[in-house]
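Structure record follows, encoded as structure tokens.
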Amino acid sequence: DRAIKIAPSILSADFANFGQEIQAIEAQGADWVHVDVMDGHFVPNLTFGPQAVKAFRPHVKTVMDVHLMIAPVDPYIDAYADAGADVLTAHVEAGPHIHRTLQAIRGAGMKAGVALNPGTSADAVAHLLDLTDVICVMTVNPGFGGQKFIDMTAKIAELRAMIGDRPVHIEIDGGVTPETAPLVVAAGADVLVAGSGVFKGGSVAKPEVYGENIRAI
Ligand code: DX5
Ligand code: ZN
């Protein structure tokens, strides 16, 4: 059996308290820490940039998984390497040269991720599998936490078959709950991003709720 990793998205954390929030989710069993970077252009929301991500770095003891919802990507790759990203994920929809982008991410010393919006087919990554460490299948249209899960299980199964025995993770992002997680895992996913599903009902003063939420997923 594949080991399933839970990657809480700090998009649902207290924005005035990122350091403590990251420490709390890691103490409560997070496997990766998912960092959602939005530019108000590729997606209709804005979060934070490389300077903030660099400030998160010393708090992350596990894996800092940075999901770029920005266009263009290439001018910022070095800044996220310098910020200490372990995994840097770009959207296939963010520009015409995703192949070059993935090469550049690995060239800067990071693991390369490629994300697919719900409307994008699995075929979009068919020629990228040897350049990719993580395929992120969006199960919401990116931009906001707390949206309703869109069923992408057929796409996940198709990707798992395409990947074969390559060491590529399939990460699911959006609407992951105790109800939807088993569906995507059965289809072949092994990294589950969860924002509202982990942070709901908890706080840095009540971190045990994060642990309960993580174990429920
Ligand atoms: C969506 C982001 C997600 C988001 C997931 O734009 O990429 O990482 O925070 O949030 P939930 O788990 O609440 O759907
Ligand atoms: Zn994300």
Worksheet, complete the sentence: If amide H atoms are modeled at 1.01 Å from N in the peptide plane, then the residues at a separation of 5 or more from I6, or on another chain, having amide H under 5 Å from its own are D31, W32, L192
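Determine the gain in length on full extension of the stretch R106-K206; use 0.36 nm per residue of separation and subtract their C-alpha separation, reporting nm with one decimal. Before the final figure, lay out each step's value.
Working: separation 100, 0.36 × 100 = 36.00 nm, distance 3.82 nm.
Gain on stretching R106 to K206: 32.2 nm.
Given the pairs K61/K148; K111/K200; K5/K206; K111/K206; K5/K111, which span a C-alpha to C-alpha distance of over 28 angstrom in this model? List each step's numbers first, then the result.
Values: K61/K148 30 Å; K111/K200 30 Å; K5/K206 22 Å; K111/K206 33 Å; K5/K111 16 Å.
Among K61/K148; K111/K200; K5/K206; K111/K206; K5/K111, the Cα-Cα distance tops 28 Å for K61/K148; K111/K200; K111/K206.
How do the peptides 25-33, 96-104, 116-124, 77-85 rank, highest first, by the average count of neighbouring beta carbon atoms within 10 Å per residue?
Ranking, from highest mean packing down: 25-33, 77-85, 96-104, 116-124.
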Worksheet item: What is the gain in length, in nm to one decimal, between F15 and R166 on full extension, counting 0.36 nm per residue of separation less the C-alpha to C-alpha distance?
Response: 50.7 nm
Worksheet item: Using r as the Cβ-Cβ distance of D74 and D151, and R0 as 45 Å, what FRET efficiency do you calculate, to the nearest 0.05?
Response: 0.90
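What translational diffusion coefficient, in µm²/s and rounded to a whole number, does the Stokes-Einstein relation yield for the range 117-217 at 10 °C and a viscosity of 1.306 mPa s, taking the hydrodynamic radius as the Kirkwood radius over Cα pairs?
Answer, rounded: 111 µm²/s.
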Worksheet item: Roughly how big is the range 5-216's charge dipole about its Cα centre, with Cβ charges of +1 (Lys, Arg) and -1 (Asp, Glu), in debye to the nearest 20?
Response: 140 debye
Item to complete: Any chance you could check the Cα centroid distance between the range 10-57 and the range 138-217 for me, in angstrom?
Response: 16 Å
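Read-outs throughout are calculated quantities, based only on the coordinates presented, and are distinct from any laboratory measurement. The structure presented is a predicted model; accordingly, all values stated were derived computationally and were not measured. Positions of Cβ are backbone-derived with ideal geometry, glycine not excepted, and every protein chain shown enters the neighbour counts.
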